[in-house]
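**Student:** Structure below; questions to follow.
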Amino acid sequence: MTHHDPSPPEPAEHRRFRAYLSALEQVADADEAGLVSEVLTDPDQTMAQSAVTRHLDRRATDLHHGPAYEPWAASMAEVVIGHPFLARRLQEWTLFRAVTLRQSWSADALLGSSDWLQLKAATAANTDVVELLAEYGRTKRIRRLSRSNGRRQSSH
């Protein structure tokens with residue numbers, strides 16, 4: 001009698017995804033753009049872009065409040081230029097940075113942004129952003145979250 005493992009073998013793209021995430025978490029700043037470029041050459045573009053999106057989100061979360069963000073974002077913009085979703089995600093992180101640091105930002109850009117950014121911005125401590133999204137946010141969820149955040153902010 002042979003033992004049969006009912007679970008199929010893990011697909012190769014799952015192993016590559018984990019390996020990419022691990023490498024991206026450990027990459028030196030000087031080698032980051034090269035590694036992101038290399039990941040984006042993977043034949044499974046959905047998987048590769050998913051790994052890079054996670055990386056961009058992690059790095060932008062760590063950097064967006066400080067001066068290191070701008071050169072990092074410029075470097076990443078060069079790498080993701082041929083990938084519209086990744087380029088937009090990076091642009092939206094830059095807009096989120098402007099909103100959270102109370103730098104110059106455009107209401108049209110915020111209202112034209114993705115649900116992801118609007119939900120993120122709805123929780124920002126920027127009253128102008130919260131009021132704008134409470135009124136004109138793309139979805140009911142965004143408007144509701146913004147109104148709730150606005151009430152919390154005004155009670156403090």
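**Student:** If I fit a long axis through the Cα atoms of helix 127-136 and take the longest principal axis of the Cα atoms of the chain, what angle between them do I get, 0 to 90°, rounded to 10?
**Tutor:** The answer is roughly 80 degrees.
**Student:** So what is the calculated 222 nm ellipticity per residue for the chain, using -39500 (n - 2.57) for each DSSP H run with n of 4 or more, over all residues, to the nearest 500 deg cm²/dmol?
**Tutor:** -22500 deg cm²/dmol
**Student:** Explain nothing, just the number: dipole magnitude of the stretch 1-127 about its Cα centre with +1 on each Lys and Arg Cβ and -1 on each Asp and Glu Cβ, in debye rounded to the nearest 20.
**Tutor:** Rounded to the nearest 20 debye, it is 400 debye.
**Student:** With charges set only on the Cβ (+1 for Lys and Arg, -1 for Asp and Glu), what does the dipole of the stretch 64-156 come to about its Cα centre, in debye to the nearest 20?
**Tutor:** Around 540 debye, computed over the stretch 64-156.
**Student:** Can you give the local net charge around Ala12? Use residues other than it whose beta-carbon is closer than 15 angstrom to its beta-carbon, Lys and Arg +1, Asp and Glu -1.
**Tutor:** So the environment of Ala12 carries a net charge of -1.
**Student:** Would you mind working out the accessible area per residue for the chain, using a 1.4 Å probe, and quoting it in Å²?
**Tutor:** 60
**Student:** Averaging over all projection directions, find the projected area of the Cα convex hull of the stretch 15-73 and quote it in nm² with one decimal place. Can you show the working numbers first?
**Tutor:** Details: hull surface 15.2 nm².
Computed as one quarter of the Cα hull surface, the answer is 3.8 nm².
**Student:** Now for a different question. Could you check how many percent of all C-alpha pairs in the stretch 58-125 are farther apart than 21 Å?
**Tutor:** Values: 448 of 2278 pairs.
Of all Cα-Cα distances in the stretch 58-125, 20 percent exceed 21 Å.
**Student:** Here's another thing I want to ask about it. Within the stretch 32-109, what whole-number % of the accessible surface is contributed by carbon and sulfur, with the 1.4 Å probe and all protein chains included in the calculation? Present the calculation step by step, with values, prior to reporting the outcome.
**Tutor:** Details: 2210 of 3900 Å².
Carbon and sulfur atoms account for 57 percent of the accessible area of the stretch 32-109.
**Student:** Viscosity 1.306 mPa s, temperature 10 °C: Stokes-Einstein D of the chain from its Kirkwood Cα radius, in µm² per second?
**Tutor:** Stokes-Einstein gives a translational diffusion coefficient of 91 µm²/s.
**Student:** Continuing with this model, one more query. Could you please state, rounded to a whole Å, how far the C-alpha centre of the stretch 1-80 is from the C-alpha centre of the stretch 90-136?
**Tutor:** 26
**Student:** Hey, if you put +1 on the Cβ of every Lys and Arg and -1 on every Asp and Glu Cβ in the chain, which of Val27, Pro43, Leu119 ends up farthest toward the positive end of that dipole?
**Tutor:** Leu119
The values are calculated or read from the model by the stated rules, or taken from the named source; none is laboratory data. None of the values given here were measured: they were computed from a predicted structure. Backbone-built Cβ (ideal geometry, glycine too); neighbour counts: all protein chains shown. With ligands, DNA and RNA removed, areas are computed over all heavy atoms of the protein, side chains included. Shrake-Rupley method; radii C 1.70, N 1.55, O 1.52, S 1.80 Å.
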